[in-house]
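Structure first, then comments.
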Amino acid sequence: MQRDLDALTTHPFDVLIVGGGSHGLFAAYDAAQRGLRVAVIDRGDFGGGLSANHQRTLHGGLRALQQGDLGKTRAQIRERRTWARIAPQLIRPLPFLFGTYGQLKRSRLAVRVGFSVYDYLARHRNDGVTGELHLPKGRLESAAVTRRLFPGVRADGLTGGAMWYDYQTTQAERLTWCVAMAAHRAGATLVNYVEATGPRADGTRGIGARDVLTGTSIVIEARAVIFAAAEGSGALYAAFGLTGAPPLLRAMNLLIDRPAMDMAHVAPTSSGRMLTAVPWRGSILVGTSQTTEAVAPGTRATQADIAAFLAEANSAFSHLRATTDDIRLVHDGLVPAAMTARGLDLPRDFALRVDNGSSGMALVSIIGAKYTTARLAAERAIDAVSKLLSAPPARSRTAETPLPHAQIADVEGHLIETARATGSELAPDILRHLGAWYGTEAPDVLRYARRSAWGDEPLDLASPVLTAEVAYARDHAMAMTADDVIYRRTAIGGAGRVTEEIVARVRGILSATEPRT
């Protein structure tokens, strides 16, 4: 996969998708699978916005059940199972635990009833799923077990604990890129760093766009446009003469330098908001915080915002006792907000909006913030577009087609064979890293490394990432900047605290003149 700006102007498209996060990439994948000519652009990098700023979990609808929405609960259970079928190599079961108390909604009786209903709704949760990803039923734990498994759980009034299982994405950034690869393989045209500027000046179907890297203006012909850019929706709506763009809230997660147990903990803050502490890269990822007032596009969390959320995290998980010096990474993204009786809140579900653009061009907006249901939202969007375009009937197949390199396979065995064939002596940690991150693409990466000027040289002595992986991301994965490489195409930045030396080294490799192999 290499960036090809000219591919956007050589022929008209049935569908142009603006926004290359999980929703936009799944929409491109779905449309291409159904035989539509589709392109997706993003003003930044694919997966670089909201899709990079989530808590690395795939939920099965327990919160929706608590809200009494059985339909949404069933849909989220199905989508969670779909992830286990199409990307089993990149997810794992993760237990979640919260304390039970005497209050009605958090009492053992209420939880027992809730688990009974949920287990019935989720009775097919493991159908077609590999055994190692089977999810057990929820269960109640004693107070003694809960205190042992949940350091810092509020002891006052504790009656026990409730444990259930969802999935965690083991390589979150890689998972989004696998969706991009799936779209590309299905025939979609993907070009990052292209910004949509508005409808064509001559009134014909399509949009004007700008190459962010060079400033070049282009025109992209399309019969329909899908808006899947959460943060940029306001500007796009205005450019197309639309009103009613959803307001934006800031959502934030903090990666805190504290050792984590291999389970997630759930607890309320002093204000009553529920937070989750998830193990991630040897530390604890706490989230999700959100603003209560709308924020302007382009704004980012200030030090005061981060400090306020850290105080909330410490109130929910008293054992952290974290300071700002303990923060390894801040996940900060803007999400479309929904209006509720209590004011603005994160949307509970995705929504679609259909408008008519200039020259009869169909405009469809995907308004959503949940990674778990991004595939389903995209499927519904392509259903709507297909109907508007009177396209030949074709059903979505993204729920049943494995994503590239995300299937469970004997990756380690193939890597060992490749290492022997290329004369490479890989350290065990490098072998594990290549297999875990790249899956069945790992042998290709190793062969590339052996042909390159860097061979098996690690990028940094403290990391198993190979220097050649940076060049591989440039040559085979459309990485254009150091951030693309560090935070989205490799495992360099997932644990946070990337040094200036590493950034400088990555930039040097990206601009190197070594032959591209």
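Every number here is computed from the coordinates shown, using simple stated rules; none is lab data. Remember, predicted model here, so these are calculated numbers, not experimental data. Don't worry about glycine lacking a Cβ; one is built from the backbone with ideal geometry, like all the others, and counts go over all protein chains shown.
Per the Kirkwood definition applied to all pairs of different Cα atoms, how many angstroms is the hydrodynamic radius of the range 75-232? Walk me through the numbers on the way to the answer.
Working: mean 1/r = 0.0499 Å⁻¹.
For the range 75-232, inverting the mean 1/r across all distinct Cα pairs yields 20.0 Å.
Find how many whole Å separate the alpha carbon centroid of the range 203-257 from the alpha carbon centroid of the range 446-500.
Rounded to whole Å, the Cα centres lie 30 Å apart.
Please label the shape of the range 1-55 as rounded, prolate or oblate, based on the square roots a ≥ b ≥ c of the eigenvalues of the alpha-carbon gyration tensor (a/c under 1.5 means rounded; beyond that, a/b larger than b/c means prolate, else oblate).
Numbers: a/c = 2.59, a/b = 1.49, b/c = 1.74.
Oblate, since a/c reaches 1.5 and b/c is not below a/b.
May I ask for the distance between the Cα centers of the range 271-305 and the range 80-141, given as a whole number of Å?
24
Let me have the 222 nm mean residue ellipticity of the chain computed from DSSP H runs of 4+ only, each contributing -39500 (n - 2.57), with the sum over all residues rounded to the nearest 500. If you can, show how the numbers build up before the last one.
On the way: 14 runs with 160 residues, N = 517.
Calculated mean residue ellipticity at 222 nm is -9500 deg cm²/dmol.
If you plug each phi of the range 132-145 into the Karplus form 6.51 cos²θ - 1.76 cosθ + 1.60 with θ = phi - 60°, what whole-Hz ³J(HN,Hα) values come out, in order, with x for Gly and Pro?
Each residue's phi maps through the Karplus curve to give 5, 10, 5, 9, x, 6, x, 8, 9, 10, 6, 4, 5, 5 Hz.
Pairs of alpha-carbon atoms within less than 8 angstrom and 6+ residues apart define the contacts here; what relative contact order does the chain have, in percent?
Details: 1047 pairs, mean separation 96.9, N = 517.
About 19 percent, as a whole number.
With a 10 Å radius around each residue's Cβ, average the other Cβ atoms per peptide and rank 38-45, 313-320, highest first. Could the numbers behind the result be given before it?
Numbers: 38-45: 26.0, 313-320: 19.4.
Per-residue mean Cβ counts within 10 Å order the peptides as 38-45, 313-320.
With N residues in the range 148-280, what two-decimal value do you get for its Cα radius of gyration over 2.2 N^0.38 Å? Working shown, then result.
Working: Rg = 22.6 Å, N = 133, 2.2 N^0.38 = 14.1 Å.
Cα Rg divided by the expected 2.2 N^0.38 Å: 1.60.
Taking every alpha carbon pair in the range 411-510, what does the distance histogram look like in 5 angstrom bins from 0, in percent?
Percent of Cα pairs in each bin: 2, 14, 27, 27, 19, 9, 3, 0.
Restricting to DSSP loop positions (anything but H, G, I, E, B) with no more than 12 other Cβ atoms inside 10 Å of their own Cβ, which GluC sites (Glu not before Pro) remain in the range 314-412?
Details: sites: 379, 400, 412; in loops: 400.
In loop regions of the range 314-412 (DSSP not H, G, I, E or B), the sparsely surrounded GluC sites (Glu not before Pro) are 400.
For a quick check: with amide H placed at 1.01 Å from N, whose amide H comes under 5 Å from residue 57's, ignoring anything fewer than 5 positions away on the same chain?
Counting only residues 5 or more places away or on other chains, the set is 169.
Rank by packing, highest mean first: peptides 175-183, 216-224, with packing defined as the count of other Cβ atoms within 10 Å averaged across residues. Could the numbers behind the result be given before it?
Values: 175-183: 25.2, 216-224: 18.3.
Ranking, from highest mean packing down: 175-183, 216-224.
Once you have a ≥ b ≥ c as the square roots of the Cα gyration tensor eigenvalues for the chain, tell me rounded if a/c is under 1.5, and otherwise prolate or oblate according to whether a/b is larger than b/c.
Values: a/c = 1.56, a/b = 1.17, b/c = 1.33.
In terms of gyration-tensor shape, oblate.
Residue by residue through the range 332-339, which ³J(HN,Hα) values in whole Hz follow from phi under the Karplus form 6.51 cos²θ - 1.76 cosθ + 1.60 (θ = phi - 60°), with glycine and proline marked x?
9, x, 9, 10, x, 9, 10, 8
Hand me the tally of lysine pairs in the chain: alpha carbons under 22 angstrom apart, and the pair either on different chains or 8 or more positions apart. The partial results should precede the final answer.
Numbers: 72/105; 72/137; 72/370; 105/137.
Close lysine pairs found across the chain: 4.
For residue 344, what residues show an amide H to amide H distance below 5 Å, using hydrogens built from the backbone and excluding near sequence neighbours?
Under 5 Å from the amide H of residue 344: no residue qualifies.
What residues have an amide H closer than 5 Å to that of residue 275, excluding those fewer than 5 places away on the same chain, when H is modeled at 1.01 Å from N in the peptide plane?
The list, which skips near neighbours in sequence, is 267, 269.
Using θ = phi - 60° and the Karplus relation 6.51 cos²θ - 1.76 cosθ + 1.60, list the HN-Hα couplings for the range 213-226 in order, rounded to whole Hz, with x at every Gly or Pro.
Using θ = phi - 60°, the values come out as 6, 10, x, 5, 8, 9, 10, 10, 7, 7, 7, 8, 10, 10 Hz.
Of the peptides 27-34, 244-251, how do they stack up when ordered by the mean number of other Cβ atoms within 10 Å, highest first? Spell out each step's value before the answer.
Numbers: 27-34: 28.9, 244-251: 19.4.
Result, highest mean Cβ count within 10 Å first: 27-34, 244-251.
If you take the Cα atoms of the range 248-336, find Rg, then find the Kirkwood Rh from the mean of 1/r over all pairs, what is Rg/Rh? Let's see the in-between values first.
Values: Rg = 12.5 Å, Rh = 13.1 Å.
That ratio equals 0.95.
Ratio of Rg to Rh for the range 321-376, alpha carbon only, Kirkwood?
Details: Rg = 17.3 Å, Rh = 14.6 Å.
With Rg and the Kirkwood Rh in hand, the quotient comes to 1.18.
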